[in-house]
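Below is one structure, written out as structure tokens; the observations come after it.
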Ligand SMILES: [Zn+2]
């Protein structure tokens, strides 16, 4: 029997924090609070996932600024 096993990463957008200029690409984009999750799949069915990182993401260039749990919590409540 062949076991088909894999992983895939999902980015979950938690909150849109409004317009911001990205320090990496210099574009005026929306500042997005997001959590990246890694999902483990067995026969293409997700079995479990865990959070890889939480932070701010630039939708234009994909730059990721990792935040600590405390910072993330604070920003998602504002
Ligand atoms: Zn950018």
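Where a number appears in this text, it was derived from the coordinates with a stated rule and is not lab data. Please read these numbers as outputs of a predicted model, since none were measured by experiment. Ideal geometry is used to build each Cβ from the backbone, glycine not excepted, and the neighbour counts take in all protein chains shown.
Here are the numbers for the structure shown:
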quantity: Gain in span if fully extended, residue 43 to residue 71, counting 0.36 nm per residue against the direct Cα distance; calculated: 6.4 nm
quantity: Computed FRET value (nearest 0.05) for residue 53 with residue 1, which takes r as the C-beta separation and R₀ as 35 Å; calculated: 0.50
quantity: For 32, 19, order by how many other beta-carbon atoms lie within 10 Å, fewest first; calculated: 19, 32
quantity: Equivalent ellipsoid semi-axes, the chain, via Cα gyration tensor eigenvalues times 5, rooted, Å; calculated: 30, 15, 9
quantity: FRET efficiency, 1/(1 + (r/R0)^6) with R0 22 Å, evaluated for residue 78 and residue 19 via beta carbons; calculated: 0.90
quantity: Selected from 57, 45, 13 as most flexible by GNM, with the chain as the system and alpha-carbon contacts under 10 Å; calculated: 45
quantity: Relative contact order for the chain, counting Cα pairs under 8 Å that sit 6 or more residues apart, in percent; calculated: 27
